[in-house]
Each structure stands twice: as C-alpha cells, then as structure tokens.
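Worksheet: one structure, shown below.
All of the numbers you see were taken from the coordinates with simple rules; none came from a lab. What you see is a predicted model, and the numbers here were worked out from it, not measured in a lab. As a convention, Cβ positions derive from the backbone with ideal geometry for all residues, glycine included, and neighbour counts pool all protein chains shown.
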Amino acid sequence: MVNKLLMAVVAAAVLTPTVVAAAPLPAPAPAVTFTLLTPLPAYLVVGETAVVGVRVESSEPFVMAVALSDAYYPGRGVRFDGSPAVHGATTADLFLTLVGRAPTSDLGAVQDWPVDEDWPAGVAPLAVQVGARFAGGALASATFPFAVTVT
C-alpha cells in the first residue's frame, strides 16, 4: 500500500507540467576597440615623465571607460599618476602619466607577467589596463604590457 502511494506521488510529480522561468538573454556585446595613441616608453631618466594614451571606441554608449596602471614592482623604478575615466560616451581618450623615480638596474628578471610575458633583469615591467563597462553588465578590456628602463 505504501509502495503504491509512493509510486502515485512520484508519477504525479513527474507528469505534472512545471513552469520554468527563463532568464533573459544578455544583450549582445558591443563592438569595442582599444587603440594606443602614444608609443609605450622604453627608457626614462630619473625625474622624466612620459604619457601613455589609449582611445576607447564603442558601437554602444558605455557607462564608464577607465585606464588603470599595473606594475610588477609597484613604486619601484616608476610611478603612475592618475586613473582617468570617462562616463556615458562612445569614445574616450584616456591618458596616464608615468614618472621615472629611481634606476631599475637592481630589479630582477620576471617571468609570466602580466600573463605570459617574460622580462629581463634591469627593467620595470608595467601594464596599462583599459576597460569599458556597459549597461546590463557587459565588459570589454585590453592590456598593454611594456617595460621601462630608468637610468
């Protein structure tokens, strides 16, 4: 008797149509391009500055585009100033300034940074990270790795 009751409950559960709420599909990602506006510096003298510029162009307006600095040896050899951002546009020119702080001759070699790049001893491995965030949560980004020798 219990087995027949259990079988009836299982059959009812299996045969009862259920409503499944489907999550809305995300909007297609906008077409985004990231273009270097300035050459990436390779050499600086202590106290010298260089500017790195990147243009973000999108087929859709972004909520925000931002350029950020990254360094394997943060604060050693060079210093980045600022983190420029632009809100609510389809094009943004973002500029970061870096300053030679100290000679890099004592910095060791680096492997696999920021992803799989290898750098010799005596340079400061750096990267400029640029990204754009869109309504609905879509993201686009690019990384521009480079190294600077400071004398």
Per-peptide average of other Cβ atoms within 10 Å, ordering 123-136, 80-93 highest first: 123-136, 80-93
What residues qualify as long-range amide H neighbours of TYR43, i.e. H under 5 Å apart, gap of 5 or more or another chain, H built at 1.01 Å from N? THR149
Mean Cβ neighbour count within 10 Å, used as a protection proxy, ranking 72-78, 62-68 highest first: 62-68, 72-78
Using only the C-alpha atoms of the stretch 34-150, find the volume of their convex hull and express it per residue in Å³. 89
So the FRET efficiency between GLU117 and GLU48, C-beta based with R0 = 30 Å and rounded to 0.05, is 0.80
